[in-house]
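Below you'll find the structure, written out as structure tokens, and then a few comments.
The values are calculated or read from the model by the stated rules, or taken from the named source; none is laboratory data. Remember, it's a predicted structure, so these values are computed and weren't measured experimentally. Cβ atoms come from the backbone with ideal geometry, glycine included; neighbour counts cover every protein chain shown.
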Amino acid sequence: MGEPALSDEVVDLWADRRWRLQNLYFIEDKHGNVVRFNMNLAQEKLLEDLHYLNIVLKARQMGFSTFILILALDCCIFNSNFAAGLVADTKKNAENLLKRIKFAYERLPDEIRRVVEISADNKGEIEFSNGSSVEVGVSLRSGTKNFLHISEYGKICAKAPDKAKEIKSGSLNTLAARQLGFIESTAEGRGGDFYEKTQAARRILDSGREPGDMEYRFHFFAWWQDATYQLDQPVLLTSEDEAYFAGLEAEHGIRLSEPQKWWYVSKRAEQGDDMWKEFPSTPDEAFQAAKEGAYFGKEMRALRQRGRIGAFPYVPNIVVNTFWDFGLGDTQTIWLHQEVAGEHRFVGYFEDSGMGLGHYFAWLDKWAAQRGARWGVHHGPHDIDHRRQTTTAGQAETIKTMSAQLGFMFKTVQRNPDKVNAIHGVRMKLPGCVFDEAACSAGILHLENYSRDWDEKLAVWRSHPRHDEHSHGADAFMTFTDGYVPPVNGGSWKFTDRKVI
């Protein structure tokens, strides 16, 4: 005797994806209870705004990962020959994603599991009898996917840039055209591919146009949009708290109720420095949180909170000092600094690579001419006395000698031989600094992202810095912290007979 036929009503319901997502699947909640998956407001909004390519900037406990996993399973069950791929930051986390998929499948109605059975099951992949499959890993290169989910991509970009490059060049290229792709993560600083993709998607959103088939749609759901994030018991709000909430309303139109404010202040007391990352009020706030592993993340965040990164332009009639780093591969970086009433004001930053010294001095000449600025002291690291460049005459001269020939007299700064102490010196000096954000944006980004190296095997941060694109900007700033001595009389260096190489 065959299986009883399904009623037309059931068939009609099962044809409705929204109904399926709300009624067919069971998950394990944060308390360990098995409950029916029922979309919350954030998940409903994500489904409503779904695009082919989606980038999700998360706040904690919004359930985006759960929604994406259930959607992947639903696509596999109700479509034949549908290939889904899930990428996580570690092999263990990838396998856990697959376990959650299997957990939901095993609790589907018997009628569905009889039609679509599991035909193959291992730690890295589940295959179904209808030809569909779910594959997981830390990167995927083989096959073409109809569905791709990259989990915690921001964390991967921050801790393991090489792995992020592999995902970018490998996993993302497995997704077929006009298929479903999701990149979701909490923010991990203003740098890396997740940050860049997010900013590109935000620019599209801000422009008011629909993203193209190969562009990402930006999704963000702030903590204050979740109705459960409220507290009935009053909490004392400090003047700093009131100023923060007033700023949200004035700058972003975010008007909070008293219970929401009480919840936020209580949660921040628990989360500390992670509050902006885990429960951001705005997308910008999420990325301004201290990046995990960043040496100066907390200090840079404190400067932002105190309003010391913003509009701090050049002040006329005060000399401008420069601080340099001459990196490997001809990468050179320069910070421009003034001491204003005992405060260290950084009014410019410049970097380039593959260019001769004349290129950098020409940039400085132009910068000074536009403002009528006078130079103070040009500070270079110790290797300016030893490293050589070739002049147009074919002679090899030290950087310091060549600079003098061009009219720029350098003071040699002896580096702190202990990198840990040098880093500590930056931390000690940063609270007394202000940065002109428009003129120093690239340098600020480097200070925010200068990080410890990550040991993939031991899953710990190493004690030494990672050498990457942020190193030279940070090293040039260490030229300042290692070598700046305030002038006695406020005078400036004067040069004549400039030559250009």
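Among the helices (runs of 4 or more DSSP H) confined to the range 189-296, the ones with at least 1 residues that are assigned by TED's automatic domain parsing to the domain that holds Ser65, free of Cβ contacts under 8 Å to residues at least 12 places away in the same chain and more than 19 Å from Leu41 (Cβ to Cβ) are located at 192-207.
Return the only residue of Glu106, Glu135, Glu152 being in contact with a Ser or Thr (Cβ under 6 Å, 6 or more places away or on another chain) and surrounded by fewer than 23 Cβ atoms within 10 Å (Cβ to Cβ). Break it down stepwise before answering.
Numbers: Glu106 fails: in contact with a Ser or Thr (Cβ under 6 Å, 6 or more places away or on another chain); Glu135 fails: in contact with a Ser or Thr (Cβ under 6 Å, 6 or more places away or on another chain).
On inspection, the qualifying residue turns out to be Glu152.
Please determine whether any residue of the range 440-449 is crowded, with 17+ Cβ neighbours inside 10 Å, in contact with a Ser or Thr (Cβ under 9 Å, 6 or more places away or on another chain), within 17 Å of Lys298 (Cα to Cα) and β-branched (Val, Ile, Thr). Outline the logic, then answer.
Taking the range 440-449 and keeping what is crowded, with 17+ Cβ neighbours inside 10 Å, we get 440, 443-449.
After this cut, where a residue has to be in contact with a Ser or Thr (Cβ under 9 Å, 6 or more places away or on another chain) as well, the list is 443, 446.
Now narrow it down to the ones that are within 17 Å of Lys298 (Cα to Cα): 443, 446.
This time we only want the ones that are β-branched (Val, Ile, Thr), so: none.
No: the range 440-449 contains no residue that is crowded, with 17+ Cβ neighbours inside 10 Å, in contact with a Ser or Thr (Cβ under 9 Å, 6 or more places away or on another chain), within 17 Å of Lys298 (Cα to Cα) and β-branched (Val, Ile, Thr).
When the range 178-206 is filtered for residues that are more than 27 Å from Leu256 (Cα to Cα) and more than 15 Å from the chain's Cα centre (by Cα), the ones remaining, listed by number, are Arg178, Gln179, Leu180, Gly181, Phe182, Ile204. If we scan the range 272-292, do we find a residue that is over 19 Å from the mean Cα position of the chain (by Cα) and among the hydrophobic types (A, V, I, L, M, F, W, C)? No: the range 272-292 contains no residue that is over 19 Å from the mean Cα position of the chain (by Cα) and among the hydrophobic types (A, V, I, L, M, F, W, C).
Find the strands (runs of 3 or more DSSP E) located wholly in the range 45-150 whose residues include 1 or more that are in contact with a Cys (Cβ under 9 Å, 6 or more places away or on another chain), and list them. Steps first, please.
Numbers: elements: 53-57, 83-87, 118-122, 125-128, 133-137.
Once the strands (runs of 3 or more DSSP E) in the range 45-150 are filtered for at least 1 residues that are in contact with a Cys (Cβ under 9 Å, 6 or more places away or on another chain), what remains is 83-87, 125-128, 133-137.
If you go through the range 255-273 and keep only what is within 17 Å of Ala59 (Cα to Cα) and either touching a Lys or Arg at 6+ places or on another chain (Cβ under 9 Å) or aromatic (Phe, Trp, Tyr) (or both), you end up with Trp263, Tyr264, Gln271, Asp273.
Residues in the range 392-439 that are farther than 23 Å from Glu343 by Cα, surrounded by fewer than 16 Cβ atoms within 10 Å (Cβ to Cβ) and among the aliphatic types (A, V, I, L, M): Ala393, Ala396, Ala404, Met409, Val420.
Quick one: is Thr412 polar (S, T, N, Q) and over 14 Å from Trp324 (Cβ atoms)? No, not satisfied.
Taking the range 439-461, which residues are hydroxyl-bearing (Ser, Thr, Tyr) and not in a helix (DSSP H, G or I)? Break it down into steps so the answer makes sense when it comes.
Our first condition is that a residue be hydroxyl-bearing (Ser, Thr, Tyr); within the range 439-461, this holds for 441, 450-451.
Result: Tyr450, Ser451.
Conditions (1) out of contact with any Asp or Glu (no Cβ under 7 Å at 6 or more places or on another chain); (2) of a type outside the set (A, V, I, L, M); (3) at pLDDT 95 or above, marked per residue:
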position	(1), (2), (3)
Val10	yes, no, no
Asp16	yes, yes, no
Tyr25	yes, yes, yes
Phe37	yes, yes, yes
Asn40	yes, yes, no
Leu53	no, no, yes
Gln61	yes, yes, no
Val87	yes, no, yes
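In the range 98-136, the residue that is farthest from Cys76 (Cα to Cα) out of those that are touching a helix residue (DSSP H, G or I) at 6+ places or on another chain (Cβ under 6 Å) and at pLDDT below 95 is Lys123. Counting only residues that are at pLDDT below 95 and within 32 Å of the chain's Cα centre (by Cα), which one in the range 353-371 is farthest from His472 (Cα to Cα)? Only one residue tops the list, namely His359.
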